[in-house]
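Participant: First, the structure itself, so that you have it in front of you.
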Amino acid sequence: MTAQMNAETQHIPATHRERFRLAERPENEGETFRSGDYMVLVLATVVAPALMILLAWLA
Amino acid sequence: MSTVESRSMSTGTTDGVPLLISERSWRGFNLFTSSASTSVATWCFIIGGFVSYYLGAVPGTLVMIAGMLIGVFFIILALIPPASKYGIDSSLSSKPFLGTRGWLVSLVLLYVTVAGWNALLLIVLGRASTAVLVSAGVLSGDGAHGTVTMISMLLGAGLVWLIVRRGPDSVRDFSKWIAIGVLVLAFVVMGLLVSKFGLNGILEAKPSAPMDSKILNMTTGLEILIASAVAWWPYIGSMVRLVPSARTALWPSIMGLGIPVAAVSLIGLYAGLVIPESGGDPTVFLTQVGGLTFGIIALAFIVLANIGSIMIGVFAGSVALRQVPAVSRRISWPVTTGVALAPVILVVALVADPFFAHFPSFLAICALLFGPMCGVQIVDYFLLRKQRLSIEALYTTSVGNPYNFWAGFNPAGFVAIGAGVAAYLALLNPFTYESSGFYAYTTASIPSVIVAGGVYWLASQFVLHRGRGGYRAGAARVSPDPTPPGGVRS
């Protein structure tokens, strides 16, 4: 598989090869959500809208 | 925009290569302004105007904000984690669940939907130009002005092409000023509406075409805003990929995508309620609420703002087209921008009025397609791939690529999206907005996201069993220093 993919990536312009090599490194991965972030997301975009819908129903 | 961002715009964005963490220099504020400026345009008035058919001011306000936030939940969960972790855009992020050839479907959807949004803007531009000429007394107020509107739209399209063909630099700062301008216009219009009709007049205005059932009216208002948010799936990745952290991107995305669109759409709602014949269309109500002078100035601003918004849309469509290697290798940037603009011109030249009249159907079709896509992407990234993708597999198409599945297509992805579409259609007709089943209690978009995700998980068990898709390798890959692609080793 690696050989086949090597053949494919040979077509990447030389100016981009270093970019692809670096992009594979873990230090080039962005930071992901933590559990508290999911809580914030659910509160802001699920719980709060649910309350708004309830208020709209009662309005 | 900094030098680094400029470099990102000229390399990563246009040539479809991964962005390195050092190039992802956007902070939360950049993402907020960019999200707000991309999503806030004159289409917001039309969205709010559509809601005014069903809901009054108070329930409409609450339901619209709620709907926007719910839609934002799906796209944030689907796109921010992979886009910010790997610096990839929306269409490329679909490769792990659609396949190395199948992902072209998402590119086509992006191209078509961006063209749809641009067509709407161009139609509003044409109408605003005509309204300016009528208000200024250049045209008579009682005649048919189809030819003038058409010429305005084509001139607008030509101007957009002349600017965008020069490259990303021409687009760079436009969106920010457009968003600020549209927000200012919205606040001024709100002030005029209050002064002309009074706060009580707005609060007591009745929706113009409500259904008999209160819950159906609320659900339809909710559905329209969920659809408006989910329709941003194609745009989000290209912005979030410039942010180095999903955590940094969270609040700016919620606030930048959810709140400004809802806020400006609310003005369309209120205008639609007190001037029902406008349907929220600013080209109809601006001179009515602001008088001749204000109307002409505001309409002229709409013409300029829409040219800017279309430029951004054409730029996004062109970038998407250049993700296809055959396009980026053989076609120049100016030609690509022409190809991105071509369907917009076709729509406004051939079916401008029917397209404008059926804008709610366009919104529903966006939700019909991108809702299931979100469901599949969430399940694929979180449950099946355990938040790990392969950069090498994302950017190559060789036979050994794990994202090839079968001949470049992942049948599980297409079956699941098909199931999500079927679920949506079973609940809501996107062309007539006739509903059935439990739509009144669930909307159509939410079940379609859940059905697509569930079916994808089930169908992927077969894919996993056959050892395709690179799931086991991806989940097990925890090496701190993965072997770089041999072909790119210097």
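The values are calculated or read from the model by the stated rules, or taken from the named source; none is laboratory data. Just so we're clear, the structure is a prediction, and the values are computed from it rather than from any experiment. Here the Cβ is made from the backbone with ideal geometry for all residues, glycine too, and neighbour counts use every protein chain on show.
Participant: What are the residues in region B:136-160 that are surrounded by fewer than 20 Cβ atoms within 10 Å (Cβ to Cβ) and in contact (Cβ under 8 Å) with a residue 40 or more places away in the chain, if any?
Facilitator: B:ALA136, B:MET150, B:LEU154, B:LEU159 - these are the residues of region B:136-160 that are surrounded by fewer than 20 Cβ atoms within 10 Å (Cβ to Cβ) and in contact (Cβ under 8 Å) with a residue 40 or more places away in the chain.
Participant: Somewhere in region B:207-220, is a residue part of a helix (DSSP H, G or I), within 19 Å of A:ALA48 (Cα to Cα) and among the charged types (D, E, K, R)?
Facilitator: The answer is no; no qualifying residue exists.
Participant: I need every pair where a residue in region B:64-77 that is in contact (Cβ under 8 Å) with a residue 12 or more places away in the chain has its Cβ under 7 Å from the Cβ of a residue that is among the aromatic types (Phe, Trp, Tyr), sequence separation at least 6 or different chains.
Facilitator: As it stands, the answer is B:ILE75/B:TRP232; B:ILE75/B:TRP233, since those pairs meet every condition given.
Participant: While we're on this one: Kindly provide the set of residues from region A:39-56 that are closer than 16 Å to B:GLY60 by Cα and more than 7 Å from every other protein chain (Cβ to nearest Cβ), ordered by number.
Facilitator: Passing the criteria: A:ALA50, A:LEU51, A:LEU54.
Participant: Go through region B:81-111 and give me each residue that's within 14 Å of chain A (Cβ to nearest Cβ), part of a helix (DSSP H, G or I) and either out of contact with any Leu (no Cβ under 7 Å at 6 or more places or on another chain) or of a type in the set (Gly, Ala, Ser) (or both).
Facilitator: If the condition is that a residue be within 14 Å of chain A (Cβ to nearest Cβ), part of a helix (DSSP H, G or I) and either out of contact with any Leu (no Cβ under 7 Å at 6 or more places or on another chain) or of a type in the set (Gly, Ala, Ser) (or both), then B:PRO81, B:ALA83, B:SER84, B:LYS85, B:SER93 are the ones that fit.
Participant: Then there's this: For region B:270-279, check the following and say yes or no: at least one residue is at positive phi and touching a residue at least 60 places away in the same chain (Cβ under 8 Å).
Facilitator: Yes: region B:270-279 contains one or more residues that are at positive phi and touching a residue at least 60 places away in the same chain (Cβ under 8 Å).
Participant: Quick one: would you say B:ALA340 is outside any loop (DSSP other than H, G, I, E, B) and in contact with a Phe, Trp or Tyr (Cβ under 8 Å, 6 or more places away or on another chain)?
Facilitator: Yes, satisfied.
Participant: Additional query: Output the number of residues of region B:363-404 satisfying the condition of being of a type outside the set (A, V, I, L, M), part of a loop (DSSP other than H, G, I, E, B) and either free of Cβ contacts under 8 Å to residues at least 40 places away in the same chain or surrounded by fewer than 24 Cβ atoms within 10 Å (Cβ to Cβ) (or both).
Facilitator: Qualifying residue count for the region: 9.
Participant: Here is a follow-up. Return the pair list, or none, for Cβ contacts closer than 7 Å from residues in region B:192-203 that are more than 7 Å from B:VAL274 (Cβ to Cβ) and in a helix (DSSP H, G or I) to residues that are modelled with pLDDT under 90 and among the small types (Gly, Ala, Ser), at least 6 apart or on different chains.
Facilitator: B:LEU192/B:GLY290
Participant: What's the number of the only condition in (1) within 14 Å of another protein chain (Cβ to nearest Cβ); (2) outside any loop (DSSP other than H, G, I, E, B); (3) at pLDDT 90 or above that B:MET239 fails to meet?
Facilitator: Exception for B:MET239: condition (3).
Participant: Right, here's the next one. Out of curiosity, is B:LEU222 under 30 Å from B:SER90 (Cβ atoms) and touching a residue at least 24 places away in the same chain (Cβ under 8 Å)?
Facilitator: For B:LEU222, the condition - under 30 Å from B:SER90 (Cβ atoms) and touching a residue at least 24 places away in the same chain (Cβ under 8 Å) - is met.
Participant: Considering only region A:16-59, state which residues are within 16 Å of B:GLU392 (Cα to Cα) and either at pLDDT 95 or above or in a helix (DSSP H, G or I) (or both).
Facilitator: Within region A:16-59, A:HIS16, A:ARG17, A:GLU18, A:ARG19, A:PHE20, A:ARG21, A:LEU22, A:ALA23, A:PRO26, A:GLU27, A:ASN28 meet the criteria.
Participant: Looking for whichever is surrounded by fewer than 24 Cβ atoms within 10 Å (Cβ to Cβ) and touching a residue at least 24 places away in the same chain (Cβ under 8 Å) here; the options are B:ILE310, B:ILE254, B:ILE297, B:ILE236. Which one fits?
Facilitator: Every option except B:ILE254 fails the conditions.
Participant: Tell me, yes or no, whether region B:422-429 has at least one residue that is touching a strand residue (DSSP E or B) at 6+ places or on another chain (Cβ under 8 Å), surrounded by fewer than 20 Cβ atoms within 10 Å (Cβ to Cβ) and over 27 Å from A:VAL46 (Cα atoms).
Facilitator: No, the conditions are met nowhere in region B:422-429.
Participant: In region B:48-62, is there at least one residue being under 22 Å from B:LEU222 (Cα atoms), modelled with pLDDT under 75 and not acidic (Asp, Glu)?
Facilitator: The answer is no; no qualifying residue exists.
Participant: Let me ask something additional. Looking only at region B:74-91, which residues are surrounded by 24 or more Cβ atoms within 10 Å (Cβ to Cβ), in contact with a helix residue (DSSP H, G or I) (Cβ under 6 Å, 6 or more places away or on another chain) and hydrophobic (A, V, I, L, M, F, W, C)?
Facilitator: Result: B:PHE74, B:ILE75, B:ILE76, B:ALA78, B:LEU79, B:ILE80, B:ALA83.
Participant: How about region B:177-205: which of its residues are of a type in the set (Val, Ile, Thr) and crowded, with 19+ Cβ neighbours inside 10 Å?
Facilitator: Result: B:ILE178, B:VAL182, B:VAL189, B:ILE202.
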